[in-house]
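Peer 1: Below is one structure. I have some questions about it.
The values are calculated or read from the model by the stated rules, or taken from the named source; none is laboratory data. As the structure is a prediction and not an experimental result, all values here were calculated from the model. When we count neighbours, we look across all protein chains shown, and the Cβ atoms used for this are built from the backbone with ideal geometry, even at glycine.
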Amino acid sequence: MSVWWEIIRDTLKASEVKLVTYVPDNVLNPLLKAIHGDDYFNAFVCTREEEAVGIVAGAWMGGMRGVVMMQTSGFATLPNVLASLAVPYQIPVLMVVSERGTLGEFNIGQAMVARTMRPALDAMGIEHHTLTRLDEVAFIVERTVRQAVTTQQPACLILSPLLTGGKAP
Amino acid sequence: MRNETLTRDQAKVMGRFEITKALVAKLHKDEAVIGGIGHTNWDLWASGRRPQNFYMLGSMGLAVPIAMGVAIAQPGRKVFALEGDGSVLMQLGALATVANRAVGNLCIIIMDNGTYQITGGQITATGQGADIVAIARGAGIVQAEWARDEAHFAALMDQALVTNAPMLVGVRTDDQKPFGQTERDPPQLRDRFMRGLGVKT
């Protein structure tokens, strides 16, 4: 079986998710490298996660599917733009968040901010799934993109250290 | 145009609504316009509804990123971001991203009145000396200019419609009240825009 980042890359591609905007993260690094290595994708770094969300939202309205990639602390900067753009305008902004702050976190700041993520997503009514098992990755990614697009709602995929190994100190 | 080295202080203070109407009058090829929040957006609304206009209701600072996304998805269409000084100051990094990606079909227009007019006229950083055109040039947007006056603004828009490089135009604006208010029905605004762009039929 492939590694998790190849499965995500291939599933995004099969789901016609072409635009990838991100603020980099150590855990995401192999996924970002795999995406940059594939000409199918239009992938680039942004200066803030909010900016990355705005670009993907605009691209959706222009007819191109996209995904925003970030780490947990980056997600914590997003509630305003999700609650005032993606959710009310019904724009399926897809998010992939590498989860810091749990299962061996060494930075108390990361641990605190991570606890705000799922409550914030729930408060905004945003569908989210936590990827923990390699054999479930393709199914969850494919179905999440499909549901986001057909229901015109944002969605968030959280990459657990159970899947990625997380970041060691 | 590269010989122009106007500073913010040298640019004429013009009417925001008049400038907005002058922009819209130049659009004959279904160009997209993204209106950031505040009076900039309301004057865009008041200048005449176009299905290729998108009106934000929140997400302050995201007019440039949204316009960039539209421009990437539709490289054959010219896209304008209409943003206020207070808004663009929240997302200056986006100017570097626009420059780095060389989004050639994107033109950013900054309506700079030096205040957060909608919240009571409190002074912004540009009102205290920050020069958004100089910031844009520093971020890598080579074609960044202050509009000297109405005629110069019109010439810059003509340039924007034909250039293949990202552009930013700074406009000093007055503090006149906006001439309308946008509808507050987000799915409706989004749906109309997507049909205006030909994404939905």
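Peer 1: With A:Ala138, A:Ala120, A:Ala111 as the choices, which residue is part of a helix (DSSP H, G or I) and under 26 Å from B:Arg184 (Cβ atoms)?
Peer 2: Result of the check over A:Ala138, A:Ala120, A:Ala111: A:Ala120.
Peer 1: Could you tell me which numbered condition B:Val171 fails, if it satisfies all but one of (1) touching a residue at least 60 places away in the same chain (Cβ under 8 Å); (2) surrounded by 14 or more Cβ atoms within 10 Å (Cβ to Cβ); (3) within 14 Å of another protein chain (Cβ to nearest Cβ)?
Peer 2: Every condition holds for B:Val171 apart from (3).
Peer 1: In addition: Run down B:Ala136, B:Ala165 and say which single residue is under 24 Å from B:Val70 (Cα atoms) and part of a loop (DSSP other than H, G, I, E, B).
Peer 2: Checking each option against the conditions leaves just B:Ala165.
Peer 1: Here is a follow-up. Any idea which of (1) in contact with a Lys or Arg (Cβ under 6 Å, 6 or more places away or on another chain); (2) over 17 Å from B:Met194 (Cβ atoms); (3) within 14 Å of another protein chain (Cβ to nearest Cβ); (4) not small (Gly, Ala, Ser) is the one B:Pro51 doesn't satisfy?
Peer 2: With respect to (1) in contact with a Lys or Arg (Cβ under 6 Å, 6 or more places away or on another chain); (2) over 17 Å from B:Met194 (Cβ atoms); (3) within 14 Å of another protein chain (Cβ to nearest Cβ); (4) not small (Gly, Ala, Ser), B:Pro51 is out only on (2).
Peer 1: Ok, one more. Taking A:Gly104, is it closer than 24 Å to A:Cys46 by Cα, surrounded by fewer than 17 Cβ atoms within 10 Å (Cβ to Cβ) and in contact (Cβ under 8 Å) with a residue 12 or more places away in the chain?
Peer 2: Answer is no for this residue.
Peer 1: Among the residues of segment A:24-47, which ones are within 11 Å of another protein chain (Cβ to nearest Cβ) and surrounded by 22 or more Cβ atoms within 10 Å (Cβ to Cβ)?
Peer 2: The answer is A:Cys46, and nothing else.
Peer 1: Could you please find all residues in segment A:48-93 being facing another protein chain (nearest Cβ under 7 Å) and outside any helix (DSSP H, G or I)?
Peer 2: Scanning segment A:48-93 gives A:Arg48, A:Gly62, A:Gly63, A:Met64, A:Pro88, A:Tyr89, A:Gln90, A:Ile91.
Peer 1: Going through A:Glu99, A:Glu50, A:Glu16, A:Glu6 one at a time, which residue ends up being at positive phi and modelled with pLDDT of 95 or more?
Peer 2: Working: A:Glu99 fails: at positive phi; A:Glu50 fails: at positive phi; A:Glu6 fails: at positive phi.
Just one listed residue meets the conditions, A:Glu16.
One line per residue, one yes/no per condition, for (1) within 14 Å of chain A (Cβ to nearest Cβ); (2) closer than 21 Å to B:Met157 by Cα; (3) surrounded by 24 or more Cβ atoms within 10 Å (Cβ to Cβ); (4) in contact (Cβ under 8 Å) with a residue 12 or more places away in the chain:
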{"position": "B:Pro75", "(1), (2), (3), (4)": "yes, yes, no, yes"}
{"position": "B:Phe80", "(1), (2), (3), (4)": "yes, yes, yes, yes"}
{"position": "B:Ser87", "(1), (2), (3), (4)": "yes, no, yes, yes"}
{"position": "B:Met90", "(1), (2), (3), (4)": "yes, no, no, yes"}
{"position": "B:Ala94", "(1), (2), (3), (4)": "yes, no, yes, yes"}
{"position": "B:Val98", "(1), (2), (3), (4)": "yes, yes, yes, yes"}
{"position": "B:Leu106", "(1), (2), (3), (4)": "yes, yes, yes, yes"}
{"position": "B:Ile109", "(1), (2), (3), (4)": "no, yes, yes, yes"}
{"position": "B:Thr115", "(1), (2), (3), (4)": "no, no, no, yes"}
